[in-house]
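Below is one structure, written out as structure tokens; comments come after it.
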Amino acid sequence: MDIKKLKKLLKELGLQNLLSYDIEVSYCTGAFWRDPWQTSIAKTFQEGQILTIAWQWVGEDKVHVLGQCDGPKYKPGVLDDKWLVETFVKDVYNKADWRIGQNSDAFDDKWINSRLFIHGLNPPKPSKTFDTKK
């Protein structure tokens, strides 16, 4: 099906603003004992952060990618995802009527919400979700 037909069909079905997206995150760093002793984390030194977000509006050709390195205050070697999360949620995420992603309910949405909270930012507007893993 070509893009024009798909857009027309989605509009007829009332399915506009369908956002397909994915995030990539950094690892956490911490101190821990190795086996066979205690295997839990003794101390977390740095929490993980969102590094990049890629998205596509269903029915459009263009795939967008935004990363920490695109931020106006980016410094190589310094992780800070505040600008990335704030910009994505305000300019993209909040405009979606449906959010579609692989394991997005259990992973991506939780990461986005937690990073908004950590930075003292407002939560995203409610939206319907479609998790392709489910």
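The values are calculated or read from the model by the stated rules, or taken from the named source; none is laboratory data. Predicted model only: the values in this text are computed from it and were never measured. Positions of Cβ are backbone-derived with ideal geometry, glycine not excepted, and every protein chain shown enters the neighbour counts. Heavy atoms of the whole protein, side chains included, go into the accessibility calculation; ligands, DNA and RNA do not. Shrake-Rupley method; radii C 1.70, N 1.55, O 1.52, S 1.80 Å.
So the check is Cβ under 7 Å with 6+ separation or different chains; which pairs have a first residue in the stretch 26-42 that's modelled with pLDDT of 85 or more and a second one that's open to solvent by 100 Å² or more (accessible area, probe 1.4 Å) and acidic (Asp, Glu)?
Between residues of the stretch 26-42 that are modelled with pLDDT of 85 or more and residues that are open to solvent by 100 Å² or more (accessible area, probe 1.4 Å) and acidic (Asp, Glu), the close pairs are 28/47.
Tally up the residues in the stretch 63-121 that are among the β-branched types (Val, Ile, Thr), under 17 Å from residue 19 (Cβ atoms) and in contact with a helix residue (DSSP H, G or I) (Cβ under 9 Å, 6 or more places away or on another chain), please.
Count: 4.
Please specify each residue of the stretch 28-80 satisfying the condition of being in a loop (DSSP other than H, G, I, E, B), small (Gly, Ala, Ser) and loosely packed, with under 14 Cβ neighbours inside 10 Å. Walk me through how you get there before you give the answer.
Restricting attention to the stretch 28-80, the residues satisfying the condition of being in a loop (DSSP other than H, G, I, E, B) are 28, 33-40, 47-49, 58-63, 71-80.
When the remaining residues are screened for being small (Gly, Ala, Ser), the result is 40, 48, 59, 71, 77.
Answer for the stretch 28-80, where residues must be in a loop (DSSP other than H, G, I, E, B), small (Gly, Ala, Ser) and loosely packed, with under 14 Cβ neighbours inside 10 Å: 40, 77.
Please go through the stretch 87-118 and pick out each residue that is charged (D, E, K, R) and open to solvent by less than 80 Å² (accessible area, probe 1.4 Å).
Correct list: 91, 97, 99, 105, 108, 109, 115.
May I ask you to list pairs of residues, at least six apart or on different chains, whose Cβ atoms are under 9 Å apart, with the first in the stretch 64-86 being touching a residue at least 40 places away in the same chain (Cβ under 8 Å) and the second being among the polar types (S, T, N, Q) and surrounded by 13 or more Cβ atoms within 10 Å (Cβ to Cβ)?
Cβ pairs passing all conditions: 79/26; 79/49; 79/68.
Taking the stretch 9-27 as the search range and keeping residues that are polar (S, T, N, Q) and open to solvent by 70 Å² or more (accessible area, probe 1.4 Å), which one is farthest from residue 79 (Cα to Cα)? Working first, answer last.
Going through the stretch 9-27, the residues polar (S, T, N, Q) turn out to be 16-17, 20, 26.
If we keep only those that are open to solvent by 70 Å² or more (accessible area, probe 1.4 Å) too, we end up with 16-17.
On the way: 16: 35, 17: 31 Å.
This residue is 16.
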